[in-house]
Structures are given as structure tokens and as C-alpha cells.
Amino acid sequence: MDKGKKGIVIKRILVYGIVQGVGFRPFVYSLAERLGIVGGVCNLGGIVEIIAAALEEVHKEFLEELRNEEGKDYEIHALETQEITKEQLTREQLAVYESGKFVISASANNMRGFSLTPDIGLCENCASELADKLNRRYRHPFISCAACGPRYTILERTPYDRNTTVMKEFSMCEACNHEYTAASDRRFHAETISCLECGPVLRWEVHTGEVSDNSRAEGETALAEAVKVIRAGGIVAVKGIGGFHYVCSPFRNETVQKLRLLKGREKKPFALCFPDMDTLKAYAQVNTEEEKLLRSKARPIVLLYEKERRVADEVSGGSIYLGAFLPYTPIQLLLTKELGPLIMTSANLSGKPIIRENSEILSLNSPYLNGVLYHDREILRSVDDSVVKVVNKKRQIIRRSRGYAPYPVLLPESDGEIFAAGGDLKGSFSLYKDGRAVLSQYFGDLEEYDILKEYQKAYEDLKALLFLSPKLAVCDMHPRYHSTEFAKGLALPVLQVQHHHAHIASVMAEHGLKGKILGIAFDGTGYGTDGNIWGGEFLLCEGGEFTRVGHLSYTPLMGGDASQKDAGKTALCYLLAEGLSEVMMDDRTALIKAALTHGTNTVLSSSMGRLFDGVSALLGICSESRYEGEAAVLLEQEGRKALIAEIAPVFMEFDITEVNGIFQMKPGSVIRTLAASKNAEDRGALSLGFHYAIAEAVLCICSSLSRRLNISAVALSGGVFANSLLLERVTQRLSEQGFQVYRNEAVPPGDGGISLGQTYIGIYRTMQ
């Protein structure tokens, strides 16, 4: 310590968390100035270092205010303090100490820890200025401040400063520079600061379907042209933060049909951007937790229950959900204020990466695209919109991308650096160092060549941003996963992790669960340790190990992973297993029966996801999924509608047996009940009964295992638990019997979250 100046103590404070790009250093500066603290604050490549000289009681007040995050834009994960002497100060720090000032120092490259800030949605202050005719940023399409704007998608390298982002291409005007350097201004050190005089330029080009012609405009005129085209029923590509959106009216079926042709997207619902919360509430039910998510800095798409249909049926078809979000860019706000609710969907062909380059969108050859509204601020990495919903008053992330990636998840500390490859279906990877797992953005299905290349480039990109050199690669056991092949090609030691174990480990990682945990992993497919296809698993997990203690019993299915879209074929397989082929009329019955009899192109599957698909087809709800999970989604909706209408569920139950100490859920009785009742009972009541039967089977097996193993903590994960009806019922029944139930909240329950579980297992198996 140093008390040479009448009791003054010098402290070195290290702050870990989301403290870059959110106005944290300016806040520290203002607080220190108010309290009369001498010293400085600077970035250390992801953490913030504060040198503070003050009386002990002032230090106490300073730290208390730092820790109080209410209403703040930063997020502190950990805070370390150390008393130091004057002799331990650097030459620059000593000069500041002697001057009696507090300064914001230039960022350093010392990489003690790492943390990158996601892109942050438009704040209320900037939104108000955007609409204020007396403000110099009135209708400025790129308005932002220290608390909002792009971050991750414009960052060239750490630390986050003006000259390490694409904003270095735009020289600040005198007025912006004054705000940027004025400690009392809310744009003090706002790295994305700009105005109509010195910022990026908004541009418009008419699209002819082959090339862009000479009809061009800039600034306010460009925006007006886009508004005119959208109002007339056209489709416009609009440049956002993580890429382009296709934007059009949701009130014209013919326009939405053209959008589906443009994207190659047959039936999957589209999300709507609303100008404000009041407008949104006229279209959808919004509870307190949902409103909080909609207004959050992440500004995700939130899945809500639609009120009376007010948009064209082509927007969401038979879905009872409405994907809704509030504007997170100034351009989105300007457009929706002029036009009302708008479809805003990623500008890509289904299964391809979102387009981020001006040249690519301008050269797009399509008769359905009428114009492009773009600008000259570069997007460095493609980041799609995040999708979330609320279940049991808690957030559930369906797609983790813009606004959340690359937020870190805190894990046990280890000296090792790990790359976890994730899975193939919802590609996303993790990089781990110093007790943090940084999850990448969502990419999509790695079966698509362009998406796989995007995933591979992102690995090199994020690794460089974090100054990280993995010493271990963790990947799935599936022998044909592209993510597995990529991990094996990195010339690193490789640890292969069972798919469903990684699902459960992701919950354990999120919640810091210790000791023995009973994990229930329900999903579509995952390669099992016995070479079969798993997906309805009960796992006893502890640390980095697991034991399979139960599962949905095996059923022979034809076609393996490739047939997951064909719910009708799956239904026939379940019916044939019970000798009920006559229940469904299908020209393929004899062929499928022969294939199953001779084991031709068949697999043994314990997949809960495939069972959902089969039941959906059996009840005549959906025989072919035109987008991922459609059959299961529509089955859930029928059950939900029955629940809302207070229709009693049809009773059915799984047979629970124990074979060699492993419990099995046998679906035969359920299939027979559904087959016998499908023409006589309401399919909503049957769907609800099916969901309830699964929940009762889960409770039965968990109760037996709890008595045997003395376990009361249960972790739920896997893509099937994106089914809110099932998740609610399973949670309710387990909680009623005294179980502590945990589930994914920070990462998706599907394959988009398994890289976190892989990381967690990697730490326990090799690093501790």
C-alpha cells in the first residue's frame, strides 16, 4: 500500500465481464472524477484495469457503485482488488498519480483474460434523438452511443477501440470529436460515433432481377425510395448489423409468396419487426418476461402467441406462434415508423449463409428482389438474428447469435485452451480459456458447403480475436460429422464426446452443477456408444463421465439420419414394429417392411425426436417436414390448442421395463392407443395425451433411479425440449415430486449448445 499522501491507498482493480464497448471506461472515469480518485482505467485485451488512489472509505464507495449493475450497460463477472505501492506503478501510471488526475489510458495488448462484446440494440436515448427534429442526428441512419450499436460484427482486432474497428474509415467531424472527448457526454469514447456529416452513407439501387441499373440515390432519398417500393408490395434487401435482411409487407399474400420463392423457403414462418411495443401487443400476447426480452440489449426474435390473425396467412401458415422483435438498428426503426410491421428475414437462400457483402447482394440474380438499401460501413462477420422464447417464466434460447454471441459462459478454471467443435445440424463452436467459454454465432447446417466454409473461417477469426491457441480439440463421436472431421484435421489432441452426454453437460456447465446429476437428453439423433442412433436418453453424469441408465427402447427405422424429413415413413416403421401396418395406407408399406425384415438401410433408434415425427404423421398432422422439426412443432401445437381449450387428454402410457439394470420406455402401448383412436378422437386430445404420457414415463424412471442412486437433481436438454408443452409438463411433474429441475437458459437445448457441454467435459477429463 502507499499512504504517503495522508492515508491515500493505491489499488489495482481488475474487472472481468462484459466491459468493452458498453461505455464502462467512461462510467469509471465519471465515477472516479466525482469521488476525487486519482489514477486511470484501460483495457487489457478483454478485461479492464483500474489504478485508483484514494482514502479507504472512498475505495469502498467506488467498488460498491461499480458492483451495482442496475440500469447499467455493463456486466461484471468477477472483480479482483490488490493494494500496491507507488513503486509498483508503471512510468505512465506514476506520471498520472503525480499529476493528481484520473485518465482513460490507451488500451494495452496484454491478454490477461478475454471478453468480446456482442452487437447491442438501439438504446432509447438514441431512438429519441432519431425522432427529434431539433437534434443534429435527426433521422441519422447510423446513430449510436457508448451504450448501443454494432460491436462484434465491426471489430477487426482487440482491444475494442475506434482504430481497431471498421469505423476507423470514417473521420470524426469537429462536433463528433468534441462529444467523443468530453467526459460528461454520453458519447464519450463511443467508438461508433458518427453523424450525418461524417458517418457512413446510406445508398439505394433499383434491382432489375439481372443487374442493378443506373437508378441510384443516397441519404434521405435512398430511404424514401425503399419505403416507396415496400409500400407498393416490393421486396427490398436492407443492410443491417450482421448481414442483409429481405424486407417486405406482411399484409400481402402475393408478396410473401414471392419472398418464399426468393429464399427457397416453402413453409417456415417469417419473423416480424414492429415499430414499438404498443403496436406489437396488438398482434401478439406479451407477458412481463417476454417484454423484458424484447426490450433487452440483445433485441432477439421472441416467439409469442399470436392474437387474432392480422397478417397474411403466408407469413406463418398454421403456426400459433408469431416471431416478433423490436428495431435494433436506426434503419429498422425508420422503416417501421413509416410502414408499420414488416417481415425482416435473413437475406439468403435457405440453408446458405446470410449475405453481408454489398457486391454479393447487388449482383444477385432474382426477379423477386426489387431494390437494395445498403451503406459503406463494412460487416466483418455474418451474424444472424437470435431466437428465444419464455417457458415457465425463464428464457429459452432457440438460436444463439446476434446480441448474445460472443458472450462468454463462466466455467471451472483451467490452464488449458480448448476448441469444442459442436455438432453439424446447428453449427456453433466454443473456444475456452481462463475459465470462460466463448461461443461462436450460429452458422446453420454444416452439410451445406458454404456454411461449413463460414464455420471454418470463423474458427480462425475468433481464435485470432481472442489470442487463443487451442491445445485440445473436443468433438462429437459421429464418424461422418463435418465438425468432427474439422476437429481431427487441426493437428491437435482430439477428445470425442458422446452427443447426449454433451447436451447434459451443457446444463451442468451453465448452472455449475456438482456431484451426480440425472440427465434426460431427448433429441432427434446422436451417435451412441453402441453404434446405434440414440435420442431418448437417461444418463447418470458426474464431472466429465456418464453412464447410460435408461432410454426409449430401440425401434428399427429405415433410412437413418437422411429420412428425418419423412415423418410418414417413420410412422410406418413404428406401426410395423407393432404389427399395425394396415392403420396407414402407403404405397411403400411392402418395401419398407421388406427392408426392416432384412435390415436393409435400417438403424436401431431410441430417438424421441423421431417418435414425435411418427406420431405427428400417424395422427394426420404432418407427414413430411418442409423445414426442420415441422412435424413435431405442429404436433405440439395441436396439444397446446387442446390444453388452452381445456380438452381432456386421451390417456395412454409407456410400458417401463428394466433390462440388465437399464430402464426402457417402450412406445408400443402408446402407438396402439393412437392407432385405435386416431379416427375417433380429437387429435388435439391425442397429442396432449402423448405429451403427458412421456412426462409420466420420465417421472416413473426418475423416481426409480432417485431411490436407487439417491439423486434429486435432474438436467433436461436436447432439441425435443424446445417443445414448450413437454418441457412445462415434465418440469411440473418432477418438481411436484421434489426433484430440482435444471435446463438450458444461456445456450440452446438443441445442437447449438453442445459445444459448451463438450468444453465442460474436456476440462474435467483432461485439465483437472
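Hey, any hits in the range 718-728 for a residue that's out of contact with any helix residue (DSSP H, G or I) (no Cβ under 6 Å at 6 or more places or on another chain) and over 20 Å from ALA505 (Cα atoms)?
Keep residues of the range 718-728 that are out of contact with any helix residue (DSSP H, G or I) (no Cβ under 6 Å at 6 or more places or on another chain), which gives 719, 722, 724, 728.
Next cut, over 20 Å from ALA505 (Cα atoms) only: 724, 728.
So far as the range 718-728 goes, yes, one or more of its residues are out of contact with any helix residue (DSSP H, G or I) (no Cβ under 6 Å at 6 or more places or on another chain) and over 20 Å from ALA505 (Cα atoms).
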Those residues of the range 75-103 which are among the basic types (Lys, Arg) and surrounded by fewer than 13 Cβ atoms within 10 Å (Cβ to Cβ) amount to ARG91
Selection count where residues are out of contact with any strand residue (DSSP E or B) (no Cβ under 8 Å at 6 or more places or on another chain) and in contact (Cβ under 8 Å) with a residue 60 or more places away in the chain, scope the range 241-257 = 5
Just checking, how many residues over the range 42-68 are in a helix (DSSP H, G or I) and either among the hydrophobic types (A, V, I, L, M, F, W, C) or within 15 Å of ALA106 (Cβ to Cβ) (or both)?
-> 4
Hey, any hits in the range 675-683 for a residue that's modelled with pLDDT of 95 or more and either under 30 Å from ALA505 (Cβ atoms) or of a type in the set (Ser, Thr, Tyr) (or both)?
-> no
Residues within the range 575-599 that are within 14 Å of ALA617 (Cα to Cα) and either touching a strand residue (DSSP E or B) at 6+ places or on another chain (Cβ under 6 Å) or polar (S, T, N, Q) (or both), tallied | 1
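Going by what's in this entry, would LEU410 be described as closer than 18 Å to CYS475 by Cβ, touching a residue at least 12 places away in the same chain (Cβ under 8 Å) and more than 14 Å from the chain's Cα centre (by Cα)? If you could, list the steps in order and put the result at the bottom.
Details: closer than 18 Å to CYS475 by Cβ: no; touching a residue at least 12 places away in the same chain (Cβ under 8 Å): yes; more than 14 Å from the chain's Cα centre (by Cα): yes.
Judged against the criteria, LEU410 is not a match.
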Quick one: which residue in ARG743, ARG683 is basic (Lys, Arg) and closer than 23 Å to VAL302 by Cβ?
-> ARG743
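From the set of residues in the range 58-74 that are at pLDDT 90 or above and surrounded by 10 or more Cβ atoms within 10 Å (Cβ to Cβ), which is nearest to PRO408 (Cα to Cα)?
Of all residues in the range 58-74, those at pLDDT 90 or above come to 58-66.
Keeping just the survivors that are surrounded by 10 or more Cβ atoms within 10 Å (Cβ to Cβ) gives 58-63, 65-66.
Numbers: VAL58: 31, HIS59: 28, LYS60: 28, GLU61: 28, PHE62: 26, LEU63: 23, GLU65: 23, LEU66: 20 Å.
So, considering only residues that are at pLDDT 90 or above and surrounded by 10 or more Cβ atoms within 10 Å (Cβ to Cβ), the one nearest to PRO408 (Cα to Cα) is LEU66.
Answer with yes or no whether LEU349 is modelled with pLDDT of 95 or more and of a type in the set (A, V, I, L, M). So that I can check it myself, show each step before the final result.
Values: modelled with pLDDT of 95 or more: no; of a type in the set (A, V, I, L, M): yes.
When the stated conditions are applied, LEU349 does not pass them.
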Quick one: which residue in ALA567, ALA521, ALA571 is in contact with a His (Cβ under 6 Å, 6 or more places away or on another chain) and buried (at least 24 other Cβ atoms within 10 Å of the Cβ)?
-> ALA521
Which one of these is of a type in the set (Asp, Glu), assigned to a loop (DSSP other than H, G, I, E, B) and without any contact (Cβ under 8 Å) to a residue 60 or more places away in the chain: GLU745, GLU681?
-> GLU681
Residue by residue through the range 261-290, note down the ones that are farther than 16 Å from TYR321 by Cβ, hydrophobic (A, V, I, L, M, F, W, C) and free of Cβ contacts under 8 Å to residues at least 40 places away in the same chain.
-> ALA282
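Can you name every residue in the range 65-91 that is over 32 Å from the mean Cα position of the chain (by Cα) and either under 23 Å from TYR16 (Cβ atoms) or of a type in the set (A, V, I, L, M) (or both)?
To start, the set of residues in the range 65-91 that are over 32 Å from the mean Cα position of the chain (by Cα) comprises 81-91.
Passing the criteria: THR81, GLN82, GLU83, ILE84, GLN88, LEU89, THR90.
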Counting just the residues of the range 631-663 that are acidic (Asp, Glu) and surrounded by 15 or more Cβ atoms within 10 Å (Cβ to Cβ), which one comes out nearest to LEU709 (Cα to Cα)?
-> GLU653
Just wondering, is there one or more residues in the range 684-696 that are surrounded by fewer than 23 Cβ atoms within 10 Å (Cβ to Cβ), among the acidic types (Asp, Glu) and either under 19 Å from LEU580 (Cβ atoms) or modelled with pLDDT under 95 (or both)?
-> no
Please enumerate the residues belonging to the range 348-370 that are farther than 19 Å from ALA458 by Cα and outside any helix (DSSP H, G or I).
-> LEU349, SER350, SER363, LEU364, ASN365, SER366, PRO367, TYR368, LEU369, ASN370
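Out of the range 230-240, which residues are at negative phi and not in a strand (DSSP E or B)? Can you show your working first?
Step one: list which residues in the range 230-240 are at negative phi, which gives 230-232, 234-240.
Residues satisfying the conditions are ILE230, ARG231, ALA232, GLY234, ILE235, GLY240.
With under 27 Å from TYR16 (Cβ atoms), buried (at least 24 other Cβ atoms within 10 Å of the Cβ) and in contact with a helix residue (DSSP H, G or I) (Cβ under 9 Å, 6 or more places away or on another chain) as the only criterion, which of SER483, SER469, SER440 stands out? Quick ask: steps written out before the conclusion?
On the way: SER483 fails: under 27 Å from TYR16 (Cβ atoms); SER469 fails: buried (at least 24 other Cβ atoms within 10 Å of the Cβ).
Result: SER440 is the single residue among SER483, SER469, SER440 that is under 27 Å from TYR16 (Cβ atoms), buried (at least 24 other Cβ atoms within 10 Å of the Cβ) and in contact with a helix residue (DSSP H, G or I) (Cβ under 9 Å, 6 or more places away or on another chain).
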State all residues of the range 114-156 that are in contact (Cβ under 8 Å) with a residue 12 or more places away in the chain and of a type in the set (Asp, Glu); if no residue qualifies, say none.
-> ASP119, GLU129, GLU156
Filter the range 223-279 down to the residues that are aromatic (Phe, Trp, Tyr) and buried (at least 20 other Cβ atoms within 10 Å of the Cβ), then identify the one that is nearest to PRO367 (Cα to Cα).
-> TYR246
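Residues that are more than 23 Å from ALA632 (Cα to Cα) and free of Cβ contacts under 8 Å to residues at least 60 places away in the same chain: find the helices (runs of 4 or more DSSP H) completely inside the range 434-537 holding 1 or more of those.
Working: elements: 449-465, 482-488, 499-511.
In the range 434-537, 449-465, 482-488 are the helices (runs of 4 or more DSSP H) which contain 1 or more residues that are more than 23 Å from ALA632 (Cα to Cα) and free of Cβ contacts under 8 Å to residues at least 60 places away in the same chain.
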Is at least one residue of the range 596-609 modelled with pLDDT of 90 or more, part of a loop (DSSP other than H, G, I, E, B) and either in the same structural domain as ASN723 (by TED's automatic domain parsing) or surrounded by 18 or more Cβ atoms within 10 Å (Cβ to Cβ) (or both)?
-> yes
Could you run through the range 664-678 and say how many residues are in contact with a helix residue (DSSP H, G or I) (Cβ under 7 Å, 6 or more places away or on another chain), assigned to a helix (DSSP H, G or I) and surrounded by fewer than 21 Cβ atoms within 10 Å (Cβ to Cβ)?
-> 2
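The values are calculated or read from the model by the stated rules, or taken from the named source; none is laboratory data. Just so it is clear, the structure is predicted and the values come from calculations on it, not from any experiment. A quick note on method: Cβ atoms are made from the backbone with ideal geometry, for glycine too, and the neighbour counts reach across all protein chains shown.
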